[in-house]
Amino acid sequence: MKVLQNFFKEKETLLGIAAAIAFQLIFVVVWLTGYDGVYDRTDQFSIGIVNDDQELGEEIVKEIKDRDLFQIKEYKQYTEAIQELDERNVNMLIHIPDNMMKQLQNNETVSIDYFINQSAPTLTKQMMEKAANTLNSQVNRQVRETIDAQIAENIPPMVAAEAPNEEMKAIIEEVASQVVDLVQENTQVNPLKANIEKTNEKEGFAITMVPLLIVLASYISAMLISQYLQITNGRLKQEHGRFSLFFGRQIINILLALGISLLTVCLMYLFNIELDYNFMALWGFQAILLFSFLAISQLFVMLFGNPGMIFNIALTATQLVSSGAIVPRELLPSFYFELGKLLPATYGVNSYFSLIYGGGNLGSDLKHLAIIIVVLLGLALTIQILFSIWDRFKTQKATVNS
């Protein structure tokens, strides 16, 4: 019994229990609020359309817009639209070819191209492929109605034109109309084929998990490093000044970011993860990402000491939800969508999609990570300055009192 009492007298025991409880509460609350109503927000997906047909194509575009299923962006130039898809600014691109009605009248096969960028979360790819087939069915129904209306309007008068008199003409036209209606009712023709093109495609399921795996492993590594460096910092503060420890800590963070990132990249090569960038580019990016995680995770332990790990646990759950590694960011509540713009995991996930599959805008992601790092280091330095002022104030107060 005395052993138990002694255990519970130690603050580390209580902190460990609190962390375990917090872990359960935080993950349940964050994930359930973040992923609530995901399928109700599919209208936040954006679809690009390039329409080269000014006759039937206009009707198809209008039909897609009237459905109000997605955000629609129209493009004049095919090359511009493909680039937008490649950079993940639209989730799918529809290309409507020219002279469709003429080709249909000549009994030629007409295809509408649906381009889906595979450099995206798995759920996005699955939903876009399903949407492509659904949209094509709806377009086919509309085209059938248009063609049927034209046939019903033109064929009977053409057949009846050869009648010898007006009475026979009316009878023949009526019979022809009935025949046309009967044929149309019993014939289900899909004049337009769906040609689904998957851009930036890579084989294998394991590769789809890499962005989530790397971001999660990197942040937990950073969180543990920051925790133990803070403990070491506490033990050395009697021997070294606050700013010496702070800058020494940042040097260690840089060295660890380079070393651990090298291990991460080597493991990816060991497991044959195919990448669109060379070894040095991947190593450099992973080092920047890990350093950004170290920069953000150290803030909370600097401010709160060991209890700061609870805030880092909360940040782990929040970053996993808001980054788009599991569920596309377009489907998240606006709070998590906007919060994700401020956190490094979002740009880490985006960049790994680019590194693995291609596409995206790696330069933009790196720029955002650099800004985040500068801001975080500025905040960390500000914390040290404030603590230094507080230490000086306490020293002066103690001197006055003595």
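Hey, could you check region 9-43 for residues that are exposed (fewer than 14 other Cβ atoms within 10 Å of the Cβ) and basic (Lys, Arg) and say which is farthest from the chain's Cα centre (by Cα)?
Out of the qualifying residues, it is 9.
Does residue 43 fit the bill of being within 30 Å of residue 100 (Cα to Cα) and either at pLDDT 85 or above or not in a loop (DSSP other than H, G, I, E, B) (or both)?
yes
Output the qualifying pairs, or none if there are none: Cβ atoms under 6 angstrom, residues six or more apart or on different chains, first residue in region 303-315 and over 19 Å from residue 29 (Cβ atoms), second residue surrounded by fewer than 19 Cβ atoms within 10 Å (Cβ to Cβ) and hydrophobic (A, V, I, L, M, F, W, C).
306/15
Looking only at residues that are within 17 Å of residue 131 (Cα to Cα) and assigned to a loop (DSSP other than H, G, I, E, B) in region 56-87, which one is nearest to the chain's Cα centre (by Cα)?
70
Within the bounds of region 215-233, is there any residue that is surrounded by 14 or more Cβ atoms within 10 Å (Cβ to Cβ), farther than 21 Å from residue 357 by Cα, among the small types (Gly, Ala, Ser) and without any contact (Cβ under 8 Å) to a residue 12 or more places away in the chain?
Checked against the condition, which is being surrounded by 14 or more Cβ atoms within 10 Å (Cβ to Cβ), farther than 21 Å from residue 357 by Cα, among the small types (Gly, Ala, Ser) and without any contact (Cβ under 8 Å) to a residue 12 or more places away in the chain, region 215-233 yields no hits at all.
Does any residue in region 126-145 that is on the phi < 0 side of the Ramachandran plot come within less than 6 Å, Cβ to Cβ, of a residue that is surrounded by 15 or more Cβ atoms within 10 Å (Cβ to Cβ) and in a helix (DSSP H, G or I) six or more places away or on a different chain, and which pairs are these?
139/60; 142/63
Out of curiosity, is residue 187 modelled with pLDDT of 90 or more and either of a type in the set (Ser, Thr, Tyr) or assigned to a loop (DSSP other than H, G, I, E, B) (or both)?
So residue 187 fails the test.
Being modelled with pLDDT of 95 or more, in a helix (DSSP H, G or I) and either among the β-branched types (Val, Ile, Thr) or within 20 Å of the chain's Cα centre (by Cα) (or both) is the requirement here; does residue 288 meet it?
Here the answer is yes, as residue 288 does meet what is asked.
Are any of the residues in region 227-247 of a type in the set (D, E, K, R) and part of a helix (DSSP H, G or I)?
Checked against the condition, which is being of a type in the set (D, E, K, R) and part of a helix (DSSP H, G or I), region 227-247 yields at least one hit.
The values are calculated or read from the model by the stated rules, or taken from the named source; none is laboratory data. Given the structure is predicted, the values throughout are model-derived calculations rather than measurements. Here the Cβ is made from the backbone with ideal geometry for all residues, glycine too, and neighbour counts use every protein chain on show.
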